[in-house]
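Colleague: One structure, pasted below without further comment.
No value in this document is a laboratory result; all are computed from the given coordinates. In this text, all values refer to a predicted model and were calculated from it rather than measured experimentally. Neighbour counts are summed over all protein chains in view; Cβ atoms, including those assigned to glycine, are modelled from backbone coordinates with ideal geometry.
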Amino acid sequence: MKNIKIGLVLSMSIISLVSCKQQQARMPISHSSGEFLNASVERNKKLIKGEEGQIDAIIKSNPKIQYIASKKGYWYHYEVKNDKDTLNPKKGDVAYFDYEIKDIKGNIIYSQLELKPQTYAVDKQNIMMGLRDGIKLMHKNETVTFLFPSHMAFGYHGDNRRIGTNEPLMCTVTLNDFKPEIK
């Protein structure tokens, strides 16, 4: 009986010593090869190429309209051009504009009436990426039509209402006025 008690005490002592040892970090179970990321990059390249093809077809179908390619990856042309003014909105200015959004085939998604006149603190508020850049190219009283690939519009997510996933858009914007930032 005495031997059993000694054996139990010894066993408990060994178990408590072993369990107090610091845990070792384990290596991850799976190793990523980057296949998913590479496949995603290829999908996006194909998507952009397809959208640019659609936009190119629009540009070629209207040879009378002079489209300008932006450095940011969208195209635009002037409906109404203002050569008198030289100032453009810059960061912090407050821009007042109207716009409408169409799909790439020219079907109205959101009318100017629905979207109402907009007030936008340039580069300080969150709006569609393409508009954020496009408004800074405009002068007062100009109307410009932009052709945005989906990555410059609402992207993969859409707008959760009428604009779908990866949908290139046509936006016609009239910059009514802009004022310097109030400090």
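Colleague: Please compute the length gained on full extension between residue 38 and residue 115, using 0.36 nm multiplied by the number of residues separating them and subtracting their Cα-Cα distance.
Modeller: Working: separation 77, 0.36 × 77 = 27.72 nm, distance 3.87 nm.
Difference between extended and current length: 23.9 nm.
Colleague: For segment 60-149, treating each Cα as an identical point scatterer without solvent, what Debye log10 I(q)/I(0) comes out at q = 0.18 1/Å?
Modeller: -0.90
Colleague: Return the loop-located trypsin sites (Lys or Arg not before Pro) in segment 61-97 (DSSP other than H, G, I, E, B) with at most 10 other Cβ atoms within 10 Å of their own Cβ; answer none if there are none.
Modeller: Details: sites: 64, 71, 72, 81, 84, 90, 91; in loops: 64, 71, 72, 81, 84, 90, 91.
Answer by residue number: 64, 71, 84, 91.
Colleague: Report the trypsin sites (Lys or Arg not before Pro) located in segment 124-155 that are in a DSSP loop and have at most 13 other Cβ atoms inside 10 Å of their Cβ, or state none. Show your work: numbers first, answer last.
Modeller: Working: sites: 124, 132, 136, 140; in loops: 124, 140.
Within segment 124-155, the qualifying trypsin sites (Lys or Arg not before Pro) (loop, at most 13 other Cβ atoms within 10 Å) are 124.
Colleague: Can you check what the Kirkwood hydrodynamic radius comes to for segment 21-179, Cα pairs only, in Å to one decimal?
Modeller: On the way: mean 1/r = 0.0567 Å⁻¹.
Hydrodynamic radius (Kirkwood, Cα pairs) of segment 21-179 is 17.6 Å.
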